[in-house]
Structures are given as structure tokens and as C-alpha cells.
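Right, one structure below, let's go through it.
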Amino acid sequence: MTELHIRNRKLLYCLSSLGIVLAAVLIYVIFKNNETQYLQFLDPKHDKSVLMHTFRDRGPKDALLLILLTAITSAVPALSSSVICIFNGVCFGPVIGLLMNITGNSLGNALVAGFFTKFDEEHDFSKETKRPNRILEHLAHFKNKMVALILGYMIPIIPSFLVNYMGVRLKMDFKKQFLCIVIGVLPTSFLYAFGGDAIFKGNDLRLIISTLCIILLVVGGVTFYRKKHDAKKLINI
């Protein structure tokens, strides 16, 4: 391990720690700005029908803060943006919540990808240890690298941090990788926004349907491309 690599790792840890602090500050600011509404909504004595209307009476400032929080939690490896994305759907509804989720997740992943791209110019990441994720190892062998990245971002069990890392190792152009990010985060952004809205309205059917649609989309996409990939290997043989 070179001295340059140690320095980069320390910088990465420092930025992650800074992200955690910023996330905590944003959560505190968002809560303090809406403390009365939150506490009233949790109080069973208040009229829920009235509170549901006032709960969503939010402006651009609240949306911007939540987008920033979504971006930070999606960028920092130790954090997860899923709860924030669901909260976006709860506060702003399915459509605006979806746009907020896509924007926040795309910005967060783009920051991480840009970080790796920057230091890839100074350090060869490909000489590091093997990828610790078997699914990523499998995706990395796909002939179409953009499809591999999109699927990587789509699958929730793969940390997006590792997918961004893989994008750099595959020498993906940053503009193409950003497009992969936007497309890849779309399914989960949809699920969390519509799921959050369904939870808010008590619509279990919409929540179940949204979840099934995303599962079918991801599983279907992986299965289709895998069969196509295997068929090409047989032809080449």
C-alpha cells in the first residue's frame, strides 16, 4: 500500500465523517423548522385529517433541505438514504417525492463517482484488493458496461458506494456514468416515494403493488440480460 493511497483513504474517511456531521445538522434543522407539526401529527388527540393536510404544507426550502440530506446520505457509505427517500414521499407526495429522490440520489452518487474519478488519475485502483461483492464481480464481466452499472445501482442490496467504485475501475466516462446513476436510482426512488405516500395515506394495496413492480423490474432485467449474455457466449464457442 503506497503512501498516496493511505493519504487518499484518510481524505475519504474525513469526508465521510464530515458528511455524517452535515446529515445530523440537516436533520436537526428540518426537525426544528417543523417541530410543531411533527409532534401534533404523533399526538392521537388531534384530528388526523386536518393534520395530514398541514403536514404536507411545505415549501421549496424544506424540499431543498431534504434533497441535500438525500444526497449526503446516499454519498456517505455509513449512511442510507432509504428512510429519507420514504420521508420525501410522505412529506411531498409521490410525484414531487420521486423527483426529489432522483435528484438527491443522483447528486450523492455523482459526488462519490467524481471523487473516485479524481483520484483515479493519481492512483491505479485496479491494483487494489478484489471486489468484496460477488454480484459486482459478476456485473463487471458484462460486455455492456453501462447496463452493468445501471443494474448495480438498481439492486438495493449492493452498496452504491461500491458501484461508483466499479464505474471508475471500468474506466467509464463520467457523463455516461452519471446517466447510469440517474437511470439506476429511478426504480428505488419510485418505490420509496410511492411507498412513503402509501404509508402516509394508509394505502396498503399501492405499497404492495409498488414493491412488486420494482422487484419484478430488477429481477426481470437481470434475468433477461443474463440469458442474453449466456447466449452470446454459446455462439462465440
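The values are calculated or read from the model by the stated rules, or taken from the named source; none is laboratory data. Everything quoted here is computed from the prediction, not taken from an experiment. Here the Cβ is made from the backbone with ideal geometry for all residues, glycine too, and neighbour counts use every protein chain on show. Please note that ligands, DNA and RNA were not included when accessible areas were found on the heavy atoms of the full protein model with its side chains. Shrake-Rupley method; radii C 1.70, N 1.55, O 1.52, S 1.80 Å.
In segment 158-190, which residues are hydrophobic (A, V, I, L, M, F, W, C), in a helix (DSSP H, G or I) and out of contact with any Pro (no Cβ under 9 Å at 6 or more places or on another chain)?
VAL163, MET166, VAL168, PHE174, PHE178, LEU179, CYS180, ILE181, VAL182, ILE183, VAL185, LEU186
Which residue is surrounded by the most Cβ atoms within 10 Å (Cβ to Cβ), if the candidates are limited to segment 187-209 and must be among the aliphatic types (A, V, I, L, M) and touching a helix residue (DSSP H, G or I) at 6+ places or on another chain (Cβ under 6 Å)?
ALA193
Kindly check whether there is at least one residue in segment 121-129 that is closer than 20 Å to ILE181 by Cβ, at pLDDT below 90 and either part of a helix (DSSP H, G or I) or among the aromatic types (Phe, Trp, Tyr) (or both).
Taking every residue of segment 121-129 in turn, at least one turns out to be closer than 20 Å to ILE181 by Cβ, at pLDDT below 90 and either part of a helix (DSSP H, G or I) or among the aromatic types (Phe, Trp, Tyr) (or both).
List the helices (runs of 4 or more DSSP H) that sit entirely inside segment 5-96 and contain at least 1 residues that are modelled with pLDDT of 90 or more.
Answer list for segment 5-96: 60-75.
Out of all the residues in segment 67-81, which are touching a residue at least 24 places away in the same chain (Cβ under 8 Å), of a type outside the set (A, V, I, L, M, F, W, C) and open to solvent by 30 Å² or more (accessible area, probe 1.4 Å)?
PRO77 - this is the single residue of segment 67-81 that is touching a residue at least 24 places away in the same chain (Cβ under 8 Å), of a type outside the set (A, V, I, L, M, F, W, C) and open to solvent by 30 Å² or more (accessible area, probe 1.4 Å).
Note down all Cβ pairs under 9 Å where the first residue falls in segment 174-198 and is among the hydroxyl-bearing types (Ser, Thr, Tyr), the second is in a helix (DSSP H, G or I) and open to solvent by 70 Å² or more (accessible area, probe 1.4 Å), and they're at least six residues apart or on different chains.
Once the first residue is among the hydroxyl-bearing types (Ser, Thr, Tyr) and sits in segment 174-198, its partners that are in a helix (DSSP H, G or I) and open to solvent by 70 Å² or more (accessible area, probe 1.4 Å) give SER189/LEU99; TYR192/VAL83.
Filter segment 130-173 for residues that are over 25 Å from GLY104 (Cβ atoms) and open to solvent by less than 20 Å² (accessible area, probe 1.4 Å); which is modelled with the highest pLDDT?
Selected residue: PHE142.
So which residues in segment 64-82 are farther than 12 Å from ILE27 by Cα and out of contact with any Ser or Thr (no Cβ under 7 Å at 6 or more places or on another chain), if there are any at all?
Answer for segment 64-82, where residues must be farther than 12 Å from ILE27 by Cα and out of contact with any Ser or Thr (no Cβ under 7 Å at 6 or more places or on another chain): LEU64, ALA71, ALA75, SER82.
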